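Some notes on the structure that comes next.
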C-alpha cells in the first residue's frame, strides 16, 4: 500500500512512461503530455502512486484497481461515481488496460455505463475503499 512519505516527485517522462512506482501522477499532466506525444492512457501500470486529479476516469473492463484507496467517500462509496446523462461521456479520461496497485486517488471520480458503475460499486462494497 502507498506510503506518502516514500512517494517521489512526478517523473519528467510522465507522458511516455509505461510503469510508475511510488511517484505522484497528476492526471492532467499525464493526459496533456500523452496527447502531445500521440499516445493514449493504455497498458500502463501504477504501483504505490498518488494519482492526483481533478479528473473523472472512464476505465474499461480490463483496467484493474487492486488494494487502492479511491479517495474520501464521506461514508458512501457511491460518491466516487458520476453517471452520464446521455449515451456518450464527454470530458472524462479514458483509461484502457491499466493496473493501479496500492495507489491513493485524490480528487478523482469514476464513470461509465450503469452496468460498469454497479459492478464497480459492488466490488468495493464492504471492502472500505
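The numbers here are math on the coordinates, done by the rules we state, and not lab data. Small disclaimer: the values here were computed from a predicted structure and weren't measured.
Remarks
- Within the listed set 32, 111, 63, the residue fluctuating most in the Gaussian network model of the chain (springs between alpha-carbon atoms under 10 angstrom) is 32.
- Fully extended contour minus Cα-Cα distance, from residue 7 to residue 66, at 0.36 nm per residue: 19.4 nm
- For Rg/Rh (Cα atoms, Kirkwood Rh), calculated from these coordinates, the label among (i) 1.04; (ii) 1.09; (iii) 0.94: (iii)
- Rounded Å value of the spacing that divides the Cα centres of the stretch 85-126 and the stretch 16-53: 16
- DSSP bridge orientation in the chain - percent antiparallel, rounded to nearest 5: 0
- Compared with the direct C-alpha span, the chain from residue 122 to residue 97 gains 7.0 nm at full extension, assuming 0.36 nm per residue.
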